[in-house]
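Below: the structure, in structure tokens.
The values are calculated or read from the model by the stated rules, or taken from the named source; none is laboratory data. The structure presented is a predicted model; accordingly, all values stated were derived computationally and were not measured. All Cβ positions, glycine included, derive from the backbone under ideal geometry; neighbour counts span all protein chains shown. Remember, those area values only see protein heavy atoms, side chains included, never the ligands or the DNA or RNA. Shrake-Rupley method; radii C 1.70, N 1.55, O 1.52, S 1.80 Å.
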Amino acid sequence: MAVPKRKRSSSRRDQRRMHIFIKPFKLTACLKCGKPVLPHTICRSCGFYKGQEFIDVLSKLTKKEKKQKEKEMAETEKGGSNTKPLSMEEMSKK
């Protein structure tokens, strides 16, 4: 059976292993509801992808949950329309 000629140094071992790690997810905001979503996937909270509805989320809910979800979606749509774009001065302050 083959045996290594020399011991691998810890430096060489660690250089090999430095690329082995878990990368964090790169999330984007949903265009409809603003919740974090993986890119190129349908939003689970509203069922939209690229402005089109693919899943009718409200049809799968009970009556009580449906009413609560509609209220939540109305608040997010109303809140998004009131925001105005920041001017250059306001951007520099933040």
Check your understanding: How many of the residues making up region 1-39 are touching a Phe, Trp or Tyr at 6+ places or on another chain (Cβ under 8 Å) and either charged (D, E, K, R) or on the phi > 0 side of the Ramachandran plot (or both)?
Key -> 1
**Study point:** Boolean, PHE54 is hydrophobic (A, V, I, L, M, F, W, C) and modelled with pLDDT under 90
**Key:** yes
Review point. Being open to solvent by less than 90 Å² (accessible area, probe 1.4 Å) and modelled with pLDDT of 90 or more, is that true of even one residue in region 62-74?
Key: no
Check your understanding: Which residue, of LYS5, LYS50, LYS23, is open to solvent by 70 Å² or more (accessible area, probe 1.4 Å) and under 19 Å from GLU77 (Cβ atoms)?
Key -> LYS50
Exercise for review: Filter region 26-41 down to residues that are part of a loop (DSSP other than H, G, I, E, B), modelled with pLDDT of 90 or more and of a type in the set (A, V, I, L, M, F, W, C) and give me whichever is most open to solvent (accessible area, probe 1.4 Å).
Suggested key: LEU27
